[in-house]
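J.: After the C-alpha cells below, expect a handful of questions from me.
The values are calculated or read from the model by the stated rules, or taken from the named source; none is laboratory data. All values derive from a computational prediction rather than experimental measurement. Please note: Cβ atoms are built from the backbone with ideal geometry, for glycine as well, and neighbour counts cover all protein chains shown. Quick note on the areas: whole protein, heavy atoms, side chains included, nothing else; ligands and nucleic acids left out. Shrake-Rupley method; radii C 1.70, N 1.55, O 1.52, S 1.80 Å.
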Amino acid sequence: MLLLTAALVAVVGFWAAERTGGGRVLSAGPGVGNGERFEWKLVTTWPKNLPGLGTAPETFARLVGELSDGRLTVRVYGAGEIVPALGVFDAVSGGVAEMGHGASYYWKGKIPAAVFFTAVPFGMTAQEMNGWLHYGGGEALWRETYAPFGVVPFAGGSTGVQMAGWFNRELTSTEDLRGLKMRIPGLAGEVFTAAGGTAVNIPGGEVYTSMQTGVIDAVEWVGPYNDLALGLHEVAEYYYYPGWHEPGAMLEFIVNADALAALPEDLKAIVRDAARATNQDMLDEFTARNNASLETLLKEHEVKLRRLPDDVLALLKEKSDEVMARLVAGDPMARKVYASYREFLDAVRAYHGISEQAYINARTTVLGDPVPRSEE
Ligand code: CA
C-alpha cells in the first residue's frame, strides 16, 4: 500500500511539474503531504449502525479511506463506546476524539446559537437548509459559533421533514398537551414546555425504554425509517404528523480544529468533500426508505396515523415566536445567526411558494391526495 501511495504521489508530482513546465519531478507538492498516515476516532450520539443516522458516519469513514488510499483512517464508535451520546461535543472539543457525528441542538445548554444548525420550529426544509449553509452564509456562521470551542462543523446529513412523534394517547385539542411529558430536544422542546407539556432530551438508545416504563408519554425521534428501526410502534399507539418542530433536521460532523489543521491540504479536502457527499447521501436514503417503512407501520403494525389538530399547530407557532424572541434577546450570537437564517428563509419562501409548493399542490390536484389514511 505504501509503495502504491508513493507511486501515485510520484505520478501526481510529475503531472504537476509537467503542467507548470518545471520539467523536474519533485514528488508531491507541499499540500499533498509526505505519505504520513493518520488514524482518527469518530464518536457518535447514535447507537452504532442505527439505520440512517448511524450509517452516515460509517459511509463517511469508508469514503475517507477510499479517497485517501488509506492515508486517513476513521474508526467509528457508537454512543457509550468511548463517551456517552451527549458527551460527543466535549470529546471532540477536548481532543478525546478527532471527530463526532450528532446534532448541534444537543449542545444548546452550552451554545444557545447551535439550535439554528439543526432545526427551527416552522423553519427551513432540508433543501432550504442546504442552500442556506452552503450558499447563504450559514456554514460560516456555524464555524464562527463553534470556533471558541476549537471545533469545526460540517453539514452531516438531513432526515428531511420529520414526524411530529409518537403519543400514548390521542391529541384532540391544546388541552391534551397539558402535563404531557415528551422527549423533544432543541428549541422545540422549549416550545412544547411553553405550550403546557414537559420536554426532556433523551438519547436515541434510551427512548424505547423510557416510553415502555412510562418515564415519558410521548417521543419524537425522526420518521418512519428510523422510528421503525427503534421499535417505537411497540411502545406508542398514535403517530402524528407533520414535523412542525424539525422540518429539515440537519445533522453535523464536527472536527477537532487542531486535528484538522494538522492534515495536509489534500486530506483536509477529502474530509470536507466526504462530509458533503455523506450529507446528501443521508437525505437520499431517508427519501427512498421512509415510504416503505410507513407502509409497514400502518399495515403490519396497525399504527394509528394522525394529523396534529390545527389549534395545536397554531399554539405551537405562537409559543415558537415567544421562545425565539427570548433566545435572540439573551444571546448575541443567536441574534446574529437568526438574522441570517430569517433573511434566507423569507427569501427562499418567496420562490418556493411558486416552485416546490406550487408544483406539489398542482401534482396533488391532478394525481389526488397521496397521504395514507388510517384516520377513520
Ligand atoms: Ca427529531
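J.: Give the residues of segment 351-371 that are free of Cβ contacts under 8 Å to residues at least 40 places away in the same chain and in a helix (DSSP H, G or I), sorted by residue number.
T.: Of all residues in segment 351-371, those free of Cβ contacts under 8 Å to residues at least 40 places away in the same chain come to 351, 353-355, 357-371.
Within segment 351-371, TYR351, GLN357, ALA358, TYR359, ILE360, ASN361, ALA362, ARG363, THR364, THR365, VAL366, LEU367 meet the criteria.
J.: All but one of (1) assigned by TED's automatic domain parsing to the domain that holds ALA85; (2) in contact with a Lys or Arg (Cβ under 7 Å, 6 or more places away or on another chain) hold for ALA195, so report the exception by its number.
T.: Condition (1) is where ALA195 drops out.
For (1) modelled with pLDDT of 95 or more; (2) open to solvent by less than 10 Å² (accessible area, probe 1.4 Å); (3) within 15 Å of the chain's Cα centre (by Cα), each residue gets a yes or a no:
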residue	(1), (2), (3)
TRP166	yes, yes, no
THR193	yes, no, no
PRO203	no, no, yes
THR213	yes, no, no
ILE216	yes, yes, no
PRO242	yes, no, no
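J.: Wholly within segment 65-166, which helices (runs of 4 or more DSSP H) include no fewer than the required count, namely at least 1 residues that are in contact with a Leu (Cβ under 8 Å, 6 or more places away or on another chain) and of a type in the set (Asp, Glu)?
T.: Working: elements: 88-93, 126-135, 138-146.
Answer list for segment 65-166: 126-135, 138-146.
J.: Another question, if that's okay. Please state which one of ASP310, ASP321 is farther than 15 Å from PHE192 by Cα, without any contact (Cβ under 8 Å) to a residue 40 or more places away in the chain and open to solvent by 40 Å² or more (accessible area, probe 1.4 Å).
T.: Matching residue, one of ASP310, ASP321: ASP310.
J.: Looking only at residues in segment 168-185 that are away from the ligand (no atom under 16 Å from the Cβ) and open to solvent by less than 60 Å² (accessible area, probe 1.4 Å), which one is farthest from ILE254 (Cα to Cα)? Let's see the steps before the verdict.
T.: Taking segment 168-185 and keeping what is away from the ligand (no atom under 16 Å from the Cβ), we get 168-181.
Then keep just the ones that are open to solvent by less than 60 Å² (accessible area, probe 1.4 Å); that gives 171, 173-174, 176-177, 179-180.
Working: LEU171: 38, SER173: 40, THR174: 38, ASP176: 38, LEU177: 35, GLY179: 36, LEU180: 34 Å.
Among them, the one singled out is SER173.
J.: Go through segment 218-229 and give me each residue that's open to solvent by 30 Å² or more (accessible area, probe 1.4 Å) and within 13 Å of the ligand (Cβ to nearest atom). Before the answer, list the steps.
T.: Narrowing segment 218-229 to residues open to solvent by 30 Å² or more (accessible area, probe 1.4 Å): 225, 228-229.
Once the filter is applied, which keeps residues that are open to solvent by 30 Å² or more (accessible area, probe 1.4 Å) and within 13 Å of the ligand (Cβ to nearest atom), segment 218-229 yields only TYR225.
J.: Let me ask you something else. Considering only segment 104-121, I want to know if a residue exists there that is hydroxyl-bearing (Ser, Thr, Tyr) and more than 26 Å from LYS317 (Cα to Cα). Before the answer, list the steps.
T.: Step one: of segment 104-121, the residues hydroxyl-bearing (Ser, Thr, Tyr) are 104-106, 118.
Of the ones still in play, those that are also more than 26 Å from LYS317 (Cα to Cα) are none.
No, that holds for no residue.
J.: Please enumerate the residues belonging to segment 249-261 that are small (Gly, Ala, Ser) and surrounded by fewer than 23 Cβ atoms within 10 Å (Cβ to Cβ).
T.: Here is the first cut: in segment 249-261, the residues small (Gly, Ala, Ser) are 249, 257, 259, 261.
Scanning segment 249-261 gives ALA257, ALA259, ALA261.
J.: Here is a further query. Out of all the residues in segment 147-164, which are more than 16 Å from the ligand (Cβ to nearest atom), open to solvent by less than 30 Å² (accessible area, probe 1.4 Å) and either aliphatic (A, V, I, L, M) or modelled with pLDDT under 95 (or both)? Walk me through how you get there before you give the answer.
T.: Of the residues in segment 147-164, the ones more than 16 Å from the ligand (Cβ to nearest atom) are 147-155.
Now drop any that are not open to solvent by less than 30 Å² (accessible area, probe 1.4 Å), which leaves 150-155.
Within segment 147-164, VAL151, VAL152, ALA155 qualify.
J.: Could you tell me whether segment 129-150 includes any residue that is within 30 Å of ALA236 (Cα to Cα) and either assigned by TED's automatic domain parsing to the domain that holds TYR105 or of a type in the set (D, E, K, R) (or both)?
T.: We begin by selecting, within segment 129-150, every residue within 30 Å of ALA236 (Cα to Cα); these are none.
No, every residue in segment 129-150 fails to be within 30 Å of ALA236 (Cα to Cα) and either assigned by TED's automatic domain parsing to the domain that holds TYR105 or of a type in the set (D, E, K, R) (or both).
J.: While we're here: Assess whether ALA188 counts as being open to solvent by less than 10 Å² (accessible area, probe 1.4 Å), in a helix (DSSP H, G or I) and assigned by TED's automatic domain parsing to the domain that holds TYR239. Talk me through it step by step, then tell me what you get.
T.: Details: open to solvent by less than 10 Å² (accessible area, probe 1.4 Å): yes; in a helix (DSSP H, G or I): yes; assigned by TED's automatic domain parsing to the domain that holds TYR239: yes.
Considered against the rule, which asks whether it is open to solvent by less than 10 Å² (accessible area, probe 1.4 Å), in a helix (DSSP H, G or I) and assigned by TED's automatic domain parsing to the domain that holds TYR239, ALA188 comes out as yes.
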